[in-house]
Amino acid sequence: MHKPYFWLTTIILASFLTGCTGSAAAQSNEIPPTSAPAIAEPTTAFEVVSKDPPKDCPLTIPQDPPFTPPTPYDALGFKGEFWFGSNSLWTAVRENGIWADLPHNPEGYTQKVFWWREGYSVSAEPEPNLTVTGERLDAKAPPLVASKATNASAGDIGSAMLVGVDLPTLGCWKITGKYKDAELSFVVWVAP
């Protein structure tokens, strides 16, 4: 019979002591320790955008008449893309104008962009003097970060110039390539 009373007395005593400890801390103006440190607000906000481009994003569409690159490139290309530009500088643009599900890293959303020019030779210029820039059209954002141009060669693309870009945000982006006397821009929707 004494065991139930012993446990009941112990629980009441423990509750009483806990209450006294809390009151003492409150009376002495001490701040009780917290179980986790406060978390600072993030310095950048994450933006939510649609997978579908808005009507005010001027996506690049095929030229009229469509651009056909010189031989042997006229027989090459990527499924779901069209050639865009001129013999001086061209690229392949997605038919729907969307770059979606891109890999993400601390610099942004990563994409490879291939560029071509009639007469470009990988062996003569393995690191072409191609510069790529980009700006977001639908909101303020830092410019894209582009890698140094390199080359690419394969059966489905021939000899091409290649630049990796990191887009810091999703949204409507104008990408511009400059090589020798040529400049070419196109617009894409970068989607989640």
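Results, tabulated for the structure shown:
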item	result
Candidate set: region 62-113, residues that are β-branched (V, I, T) and surrounded by 14 or more Cβ atoms within 10 Å (Cβ to Cβ); chosen: the one nearest to the chain's Cα centre (by Cα)	T110
Residue match in region 39-53 (condition: surrounded by 12 or more Cβ atoms within 10 Å (Cβ to Cβ), in contact with a helix residue (DSSP H, G or I) (Cβ under 8 Å, 6 or more places away or on another chain), modelled with pLDDT of 50 or more and not aliphatic (A, V, I, L, M))	no
Qualifying positions in region 114-127 - surrounded by 15 or more Cβ atoms within 10 Å (Cβ to Cβ) and either within 18 Å of I175 (Cα to Cα) or small (G, A, S) (or both)	F114, W115, W116, R117
Test: residue in region 68-80 that is of a type outside the set (F, W, Y), modelled with pLDDT under 50 and over 21 Å from V132 (Cα atoms)	no
Residues within region 157-192 that are under 19 Å from P69 (Cα atoms), in contact with a Pro (Cβ under 8 Å, 6 or more places away or on another chain) and not small (G, A, S), tallied	2
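The values are calculated or read from the model by the stated rules, or taken from the named source; none is laboratory data. Here the structure is a predicted model, which is why all the values come from computation and not from measurement. Virtual Cβ from ideal backbone geometry, glycine too; neighbours counted across all protein chains shown.
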